[in-house]
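S.K.: Could you have a look at this structure, given as structure tokens, before my questions?
The values are calculated or read from the model by the stated rules, or taken from the named source; none is laboratory data. All values reported here derive from a predicted model rather than from experimental measurement. When we count neighbours, we look across all protein chains shown, and the Cβ atoms used for this are built from the backbone with ideal geometry, even at glycine.
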Amino acid sequence: MGYFFIWKSLRGRCCCYKFNDGDRSALYFEVEQGKTSHQAFQHLIGFMSLNRRKFLVVLGAITGAAALGTLPAACQPISQTPPEDQSSESGDTFQLPPLPYAYDALEPYIDAETMRFHHDKHHAGYTKNLNAALNKHPQFKKLSDEDLLRQISTVPEDILITVRNNGGGYVNHKMFWEIMSPDGGGEPTGAIATAIKETFGSFEEFKQQFNNAGSKRFGSGWAWLVLDGEGKLKVTSTSNQDSPLMEGMYPIMGNDVWEHAYYLKYRNNRGEYLTQWWNVVNWQEVNNRFEKAKA
Ligand SMILES: [Fe+2]
């Protein structure tokens, strides 16, 4: 026995997870233009992070899609019963968001194994550690994740380093998955394209500055395009998991230059990773973030 849940991703993709009873393995299906791909999905983290309200939405999606006949045969729900321990992590303040695409969707630029460990281990770890720290000072659970970083100076000393590192890691990676796409790459579009040209002179000049920020970051960190406190675009970088939000700036887009983001495929060649990463940049989402920040 098992069950499925599906949802429509932000980019209009129909995704379907099949979970097997009795263990935490599952199969992942992404339905795109009538094709179904699947691969092992080893952890129930994405599902376990769903709260009950979302789960009911999922059941509605299953029922609706099945009624419309839009699901492939392999994705017909066979049970709508959640596992007994479904609620074990639903009380956490911050939830690990599922990847909006399959682990191998960004191949050949980012390999599936890197994506699996990056999301299921590293991002999951930041999420777990952040929630554990906030349990010691629950008044901070009222803040949004971004506001928590904006107000990092008010966080008590005993959890400050943990929240700084893991709260930054949580928010940074939430953005990171969304600003990449298997349909990404090419040149920017929309308002961000105009703003980049006005600020940097050309897209190529912007890319060079951004890549320099990433290659010159010693050790682990991020390269960023931010909107600064005066509403101007700027290229910068941060160390570790520090976020521009901690410095009064808004991260429009960022590239993760920790070795865990590229070492399996690119080894020590961070420069090549930085160059190839542009092939997966989701400009639509970057533009969404820009327009939201400007509003
Ligand atoms: Fe990372």
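S.K.: Would it be correct to say that Leu264 is over 29 Å from Thr194 (Cβ atoms) and part of a helix (DSSP H, G or I)?
M.R.: Numbers: over 29 Å from Thr194 (Cβ atoms): yes; part of a helix (DSSP H, G or I): yes.
It is true that Leu264 is over 29 Å from Thr194 (Cβ atoms) and part of a helix (DSSP H, G or I).
S.K.: Can you tell me which residue is farthest from Tyr273 (Cα to Cα) among those in the range 181-233 that are among the aromatic types (Phe, Trp, Tyr) and within 21 Å of the chain's Cα centre (by Cα)?
M.R.: The residue in question is Trp224.
S.K.: Can you tell me which residue in the range 252-262 is farthest from Asn165 (Cα to Cα), limited to those that are buried (at least 22 other Cβ atoms within 10 Å of the Cβ) and within 14 Å of the ligand (Cβ to nearest atom)?
M.R.: First pass over the range 252-262, keeping only residues buried (at least 22 other Cβ atoms within 10 Å of the Cβ): 252-257, 261-262.
If we keep only those that are within 14 Å of the ligand (Cβ to nearest atom) too, we end up with 254-257, 261-262.
Details: Gly254: 16, Asn255: 17, Asp256: 14, Val257: 15, Ala261: 17, Tyr262: 20 Å.
Among them, the one singled out is Tyr262.
S.K.: Continuing with this model, one more query. Quick check: is even one residue across the range 266-283 under 27 Å from Asp183 (Cβ atoms), in the same structural domain as Asn212 (by TED's automatic domain parsing), free of Cβ contacts under 8 Å to residues at least 12 places away in the same chain and within 16 Å of the ligand (Cβ to nearest atom)? Steps first, answer last, please.
M.R.: Of all residues in the range 266-283, those under 27 Å from Asp183 (Cβ atoms) come to 266, 269-283.
Now drop any that are not in the same structural domain as Asn212 (by TED's automatic domain parsing), which leaves 266, 269-283.
Still in the running and free of Cβ contacts under 8 Å to residues at least 12 places away in the same chain: 266, 269, 272.
Still in the running and within 16 Å of the ligand (Cβ to nearest atom): 266.
The answer is yes, given that some residue of the range 266-283 is under 27 Å from Asp183 (Cβ atoms), in the same structural domain as Asn212 (by TED's automatic domain parsing), free of Cβ contacts under 8 Å to residues at least 12 places away in the same chain and within 16 Å of the ligand (Cβ to nearest atom).
S.K.: Yes or no: Phe176 within 23 Å of Tyr109 (Cα to Cα), within 13 Å of the ligand (Cβ to nearest atom) and at pLDDT 95 or above?
M.R.: For Phe176, the condition - within 23 Å of Tyr109 (Cα to Cα), within 13 Å of the ligand (Cβ to nearest atom) and at pLDDT 95 or above - is met.
S.K.: Among the residues of the range 243-251, is there at least one that is within 16 Å of the ligand (Cβ to nearest atom), assigned to a helix (DSSP H, G or I), surrounded by fewer than 20 Cβ atoms within 10 Å (Cβ to Cβ) and touching a residue at least 40 places away in the same chain (Cβ under 8 Å)?
M.R.: Within the range 243-251, not a single residue is within 16 Å of the ligand (Cβ to nearest atom), assigned to a helix (DSSP H, G or I), surrounded by fewer than 20 Cβ atoms within 10 Å (Cβ to Cβ) and touching a residue at least 40 places away in the same chain (Cβ under 8 Å).
S.K.: Could you identify the single residue in Ala102, Ala133, Ala124 that is within 16 Å of the ligand (Cβ to nearest atom), at negative phi and outside the structural domain of Glu272 (by TED's automatic domain parsing)? Can you show your working first?
M.R.: On the way: Ala102 fails: within 16 Å of the ligand (Cβ to nearest atom); Ala133 fails: within 16 Å of the ligand (Cβ to nearest atom).
Sole residue among the options that is within 16 Å of the ligand (Cβ to nearest atom), at negative phi and outside the structural domain of Glu272 (by TED's automatic domain parsing): Ala124.
S.K.: Still on this model: Would you confirm, using the coordinates I've provided, whether Lys128 is under 16 Å from Gly169 (Cα atoms), of a type in the set (Lys, Arg) and in a helix (DSSP H, G or I)? Reasoning before the result, please.
M.R.: Values: under 16 Å from Gly169 (Cα atoms): yes; of a type in the set (Lys, Arg): yes; in a helix (DSSP H, G or I): yes.
So Lys128 passes the test.
S.K.: Related question: Among Gly214, Gly184, which is the only one that is within 16 Å of the ligand (Cβ to nearest atom) and touching a residue at least 12 places away in the same chain (Cβ under 8 Å)? Can you show your working first?
M.R.: Values: Gly184 fails: within 16 Å of the ligand (Cβ to nearest atom).
The unique qualifying residue is Gly214.
S.K.: Inspect all residues belonging to the range 234-241 and state whether any of them is closer than 19 Å to Gly190 by Cα, buried (at least 19 other Cβ atoms within 10 Å of the Cβ) and within 16 Å of the chain's Cα centre (by Cα).
M.R.: No, there is no match, as no residue in the range 234-241 is closer than 19 Å to Gly190 by Cα, buried (at least 19 other Cβ atoms within 10 Å of the Cβ) and within 16 Å of the chain's Cα centre (by Cα).
S.K.: Quick one: Met175 ticks every box in (1) under 30 Å from Ala102 (Cβ atoms); (2) loosely packed, with under 13 Cβ neighbours inside 10 Å bar one, so which box is it?
M.R.: Going through the list (1) under 30 Å from Ala102 (Cβ atoms); (2) loosely packed, with under 13 Cβ neighbours inside 10 Å, Met175 breaks only (2).
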